[in-house]
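Presented below is the structure to which this report refers.
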Amino acid sequence: MFKPKKTCPPRRRKDLNQPATVGDFQELADGIAEIVVTKDEFKDFTRKAFQTFATKDDLKSLATKQEMTQYKSEILDSNDKLSKKLDKILTEQTAIGGNVDEYRGEVKNLKKRVERLESHAGI
């Protein structure tokens, strides 16, 4: 992977009123050469980047935001239908539970009556 080179070496303190020398320019060029990317380094980075990162063509097969929103809407709609069915089932189950309690009372009453009849008949 591309790694930036070192930063420029610290500048020497110099009287800025004096004219620049060839040595000053050479020092500046050396400092720039250390931090600037060469064409070959940039080409190498670009080649590696295209192997690592996705291109626009790679991403064309993925769903768009609009498609994902529509899909989410379909899921939520189906969940609404399931919620309504579940609510209906729970309501019916509660009603059935009430009926069962009523039938239990009737069965207990019938059992008592049968026991009395059996005891009366001597069975």
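The numbers here are math on the coordinates, done by the rules we state, and not lab data. Since the structure is predicted, the reported quantities are computational estimates derived from the model, not experimental observations. Note that each Cβ is placed from the backbone with ideal geometry, even for glycine, and that neighbours are counted across all protein chains shown.
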I want to check the label-to-label distance for T69 and Q51. Put each point 7 Å from Cα in the C-beta direction and report it in nm to one decimal. 4.0 nm
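Return the inverse of the average 1/r over all pairs of distinct C-alpha atoms in the chain, which is the Kirkwood hydrodynamic radius, in Å to one decimal.
25.0 Å
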Using a Gaussian network model of the chain whose springs link C-alpha atoms within less than 10 Å, name the residue from T69, T94, T21 with the highest mean-square fluctuation. T21
Added length on full extension, which subtracts the Cα-Cα distance from 0.36 nm per residue, T21 to S61: 8.4 nm
Report the FRET efficiency, 1/(1 + (r/R0)^6), for I123 and Y103, where r is their Cβ-Cβ distance and R0 is 35 Å, rounded to 0.05. 0.90
Gaussian network model of the chain, springs between alpha carbon atoms under 10 Å - residue of D57, D15, D40 with greatest fluctuation: D15
